[in-house]
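Dropping a structure here in structure tokens format, bear with me for questions.
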Amino acid sequence: MKTKLLSAIILLSGVAVLFNACKKSESAKPATVTTATTKQTAGAQIALNLYHSLTGQFGGINVYNGISTPSVPNSTSTVKVNSTNYACGFYINNGISYNTNIGDTIKSSTTGGLSFYYVCNNGSAIGYTAQDTLTTVGTAPGYSFIDGLSQNYKVTGLNPNNSLVTVDGLIQATIVLDRGAKGGKSLTYNSFTLSGLQVHLDQTPPDITSGKAVFVATGLSGTTAYALYGTLTFLGNHMAKVDYYDSIYYVNLLTGKISTTI
């Protein structure tokens, strides 16, 4: 509990610093708006932020890898506790530090830490609990970015070969984009509480077919700020419903397309 609270405090402190930096860079005070257009645009970003967080695209644990040893570049420390079977003990790495290059255009560096605890039955892993806190700083053509991610969740296999798993827990994600003088800066902070996400790993790509995520989202784009809350419901076929309780939108998690109907 203390570890989870500390991670949240660190991430929120980083959010405050980045948010203030973005605000100071604007000549006008941001006006908070919650128009239909804002909700629709934000809804796509909120859904994609959760999807990208779950699938490791912000550098964190990828639930699509299933119940297996976490893959982290340049691992610096590994600890096993009370187990002779690697997959049935602890995996701890508090010294994550690696660089990523995608072609010659997207470059980033990631630092942070993670811990796994595998749940086993008769010596075989049937699930795990995981926590990570990672920060990625990078550049790409036309923009720079900072991704802050904190994950704390439980993954449980639902069938003998763990091709169907369920995910419960918490995710916090802070995404900052700086597109320079022409595009300006934007920041989004999302907090998700996951409940019963069922992931079919035997599909290509894997599909989240059910489950919900209650979210709180704040964002800043230029002089426009928003503060939203609601529920994301996974529908299968890579679709999610964004319910603000007074309006509903549907997002394709592969394309980012959002609409008022499926």
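The values are calculated or read from the model by the stated rules, or taken from the named source; none is laboratory data. Only a predicted model underlies this, so the values are computations on that prediction, with no experimental measurement involved. Reconstructed Cβ throughout: ideal geometry from the backbone, glycine too, with neighbour counts over all protein chains shown. Ligands, DNA and RNA are excluded from the accessible area calculation, which covers all protein heavy atoms including side chains. Shrake-Rupley method; radii C 1.70, N 1.55, O 1.52, S 1.80 Å.
When ranked by the protection proxy of mean other Cβ atoms within 10 Å per residue, highest first, what sequence do the peptides 111-117, 149-155 form?
149-155, 111-117
Something else: Charges only on Cβ, +1 for Lys and Arg, -1 for Asp and Glu: so what's the dipole of segment 113-197 about the Cα centre, in debye to the nearest 20?
Working: 4 positive and 4 negative charges, 48 e Å.
Here segment 113-197 has a charge dipole of around 240 debye.
Still on this structure, I have one more. Once the piece of chain linking Asn94 and Thr156 is laid out straight, how much longer is it, given 0.36 nm per residue of separation minus the C-alpha distance between them? Kindly include the intermediate steps, with their values, before the conclusion.
Numbers: separation 62, 0.36 × 62 = 22.32 nm, distance 2.39 nm.
Extending this stretch completely gives an extra 19.9 nm.
Where Lys and Arg each count +1 and Asp and Glu each count -1, what net charge lies around Leu235 among other residues with Cβ under 15 Å from its Cβ?
Values: positive: Lys212, Lys241, Lys257; negative: Asp207, Asp243.
Net charge in that neighbourhood comes out at +1.
Given a cut-off of 30 Å, name the pairs among Lys107/Lys241; Lys107/Lys185; Lys185/Lys241 whose C-alpha atoms lie farther apart than that in the structure shown.
Lys107/Lys241
Could you state the accessible area per residue of segment 220-262 in Å², with a 1.4 Å probe and every protein chain left in place?
Per-residue value: 49 Å².
With a 1.4 Å probe and all protein chains left in place, how much of the accessible area of segment 113-183 comes from carbon and sulfur atoms, in whole percent?
Exposed carbon and sulfur together represent 55 percent of the surface.
Here is a further query. Rounded to whole Å, give me the distance from the Cα center of segment 103-164 to that of segment 198-229.
Here the answer is 16 Å between Cα centres.
Something else about it: Please give the peptides 176-185, 238-247 ranked by average Cβ packing (other Cβ atoms within 10 Å per residue), highest first, as a rough proxy for protection.
Highest to lowest by the protection proxy: 238-247, 176-185.
Which residues does the label zone of Asp202 cover in segment 158-193, counting backbone N under 13 Å from a point 7 Å along Cα→Cβ?
Label zone hits: 158-165.
Can you check what the net charge comes to around Gly196, using other residues whose Cβ is under 13 Å from the Cβ of Gly196 (Lys, Arg +1; Asp, Glu -1)?
Numbers: positive: Lys154, Lys212; negative: Asp168.
Result for the local shell: +1.
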